Amino acid sequence: MKRHRVIIVGGGYAGVKALNLLAASGLCDIVLIDQHPYHYLQTDAYELIANECSMTMVSIDLVALCLSYGDQVAYVKDTVREIDFQNKHVLGEISGHSYDYLLLCSGSRTAYHASIPGLREHSHGVKTLFGALSFKQQFEQRLYEKMESEGGWRTKPFNIVIGGGGLSGVEIAAEMAFYIRQFHQDNTLTCDNIHICLIIPHENVLDGMEDYLVHQATKRLLQLGVKIINHSRITSVDEHSLILNDKESLYFDFMIFAGGIVASTLTAEMDLPKNKKSQLILDEYLRVPSFETVFAAGDIAELRDRGGKVIPPAAQSAELSAEHAAKNILALIKNEKMAPADLRMKGTLVALGGKYASVSIFGWIRCTGLVGYWMKTIAMRAYRYRIHLQCAKGVQLLQKKKPACRKGF
Ligand SMILES: Cc1cc2nc3c(=O)[nH]c(=O)nc-3n(C[C@H](O)[C@H](O)[C@H](O)COP(=O)(O)OP(=O)(O)OC[C@H]3O[C@@H](n4cnc5c(N)ncnc54)[C@H](O)[C@@H]3O)c2cc1C
């Protein structure tokens, strides 16, 4: 039987999930292409920012992961720039690859709207590992400068502004507020007067999510001293101030923007059906229309549930869609019938600063506080642990190969 070649572009939540399923089948050779040699655990970014974990805990080695599946899987570090769908060829900055099946999983990026002057230049983001690390370093540097320059109990206010009230904006606001509260308790005299302001375009944070989560998140943010400015849009940003709704000015010392996403740059030049966020519109089998062997999963695509409702971009939906797309690729390889997607989200877990989270699972298991925190932590740790175990196999294989390599020299 001919071995088919599957290319996965992007080793995030979707790409890694698909890789695992396709490799386990033993039916194809797989090439995973990612611009970075690691899988960045974005869902744990708030822990990194709050110094609760280190960089190694939010990144998974893609080289070791691919090695762990043996010779049938190869990792290529490259940035994909173009895809020749007619000739089934993927073109990166430094390499080109032919495919029988293609799975696009290159995710999304922060939507730095071009219509908001100064936004990209003067705000920080956490969508990439580099962004999260420089955010953390610069934030601590600014805090240090504040302590050093002012000191004493009569300090000038230090204002942190966060744009966007979705999952990432809320988690970052809560975690920073908690972190600052602790920082303040330990350095009372020098670190007084730090304020966090969350700017949201809607009535409530977590717009579109379950009322229970909205209520608990709002309550917690207010308890932590976060000021929520609702019904407000950022219309321009300067080095230390921004304009709200084209009229009101707001001073800030540090700004974070988490106000939505657009699909990865890869879709920008593609002449394919897309939504306003540049996400690919897929058919019921999660294929790119007109190309029978091209699938997409995760944030790069507009995902819908069985009822046609758009599913918000999330690690969970990325994994669910990748699992489904991978199964359909295997069905085609085996000359079997594909199944239409039926993506059902199991629940939402929102970290709300320190050992506190709000959780809703299957629409009826709900809890908030320490129990919620443990549920979220267990889910995150289990994901990380499973992949680390798989990576360990890759490292062992590499160590076995090494002496043979040395002999050759
Ligand atoms: C702070 C924060 C907190 C979040 N919290 C949660 C949460 O609690 N729960 C939840 O479910 N979701 C959460 N999310 C959202 C979640 O992280 C994303 O929805 C998820 O990462 C999407 O997975 P993905 O595989 O589609 O894309 P990604 O995980 O972004 O992976 C895309 C991969 O593609 C690679 N890539 C991109 N372009 C190219 C290219 N041209 N060539 C080669 N490689 C490329 C990237 O390097 C990356 O490795 C959070 C996001 C953030 C930023």
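Just so it is clear, none of the values below were taken in a lab; they were calculated from the coordinates. Not measured: the values here are computed from a predicted model. In this analysis, Cβ positions are derived from the backbone assuming ideal geometry, glycine residues included, and neighbour counts consider all displayed protein chains.
Which of 195, 87, 257 sits closest to the plus end of the dipole of the chain, meaning its Cα is farthest towards the positive end, when Lys and Arg get +1 and Asp and Glu get -1 on the C-beta?
It is 87.
Would you order 376, 393 from fewest to most other beta-carbon atoms within 10 Å of each residue's own beta-carbon? Write out the running numbers ahead of the final one.
Numbers: 376 21, 393 15.
Fewest-to-most Cβ neighbours within 10 Å comes out as 393, 376.
Among the GluC sites (Glu not before Pro) in region 315-349, which ones are in a DSSP loop with at most 11 other Cβ atoms within 10 Å of the Cβ? Mind listing them? Show your work: numbers first, answer last.
Values: sites: 319, 323, 336; in loops: 336.
Sites meeting the loop and neighbour criteria: 336.
So how strong a dipole does the chain carry about its Cα centre when Lys and Arg Cβ are +1 and Asp and Glu Cβ are -1, to the nearest 20 debye? Don't skip to the end; give the middle numbers.
Working: 45 positive and 42 negative charges, 277 e Å.
Using Cβ point charges on Lys, Arg, Asp and Glu, the chain gives about 1320 debye.
Once you compute Rg and the Kirkwood Rh from C-alpha atoms, what is the Rg to Rh ratio for the chain? Kindly include the intermediate steps, with their values, before the conclusion.
Details: Rg = 22.6 Å, Rh = 22.7 Å.
Reported Rg/Rh (Cα atoms, Kirkwood Rh): 1.00.
Give the angle, between 0 and 90 degrees and rounded to the nearest 10, that separates the Cα long axis of helix 129-149 from the longest principal axis of the Cα atoms of the chain.
Roughly 20 degrees between the two axes.
Region 291-333: which trypsin sites (Lys or Arg not before Pro) are DSSP loop and have at most 14 other beta-carbon atoms within 10 angstrom? Present the calculation step by step, with values, prior to reporting the outcome.
On the way: sites: 304, 306, 309, 327; in loops: 306, 309.
Within region 291-333, the qualifying trypsin sites (Lys or Arg not before Pro) (loop, at most 14 other Cβ atoms within 10 Å) are 306, 309.
Rounding to the nearest 10 and keeping the result within 0 to 90°, find how far the Cα-based axis of helix 315-333 lies from the longest principal axis of the chain.
Tilt of helix 315-333: around 10 degrees.
Could you tell me which chymotrypsin sites (Phe, Trp or Tyr not before Pro) in region 255-332 are loop residues by DSSP with no more than 15 other beta carbons within 10 angstrom of their beta carbon? Can you show the working numbers first?
Numbers: sites: 257, 285, 291, 295; in loops: 285, 291.
Of the chymotrypsin sites (Phe, Trp or Tyr not before Pro), the ones in loops of region 255-332 whose Cβ has at most 15 other Cβ atoms within 10 Å are 291.
Along the positive direction of the dipole of the chain (beta-carbon charges: Lys, Arg +1; Asp, Glu -1; about the Cα centre), which of 222, 130, 322 reaches farthest?
Value: 322.
Quick one: putting +1 on the C-beta of Lys and Arg, -1 on the C-beta of Asp and Glu, what dipole do you get for region 62-218 around its Cα centre, in Debye to the nearest 20? Please list the in-between numbers first.
Values: 12 positive and 19 negative charges, 74 e Å.
With Lys and Arg at +1 and Asp and Glu at -1, about 360 debye.
Hey, if you put +1 on the Cβ of every Lys and Arg and -1 on every Asp and Glu Cβ in region 293-361, which of 356, 301, 331 ends up farthest toward the positive end of that dipole?
So the residue we want is 356.
For the Cα atoms of the chain, what angle does the longest principal axis make with the long axis of helix 211-223, in degrees from 0 to 90, nearest 10?
That works out to roughly 40 degrees.
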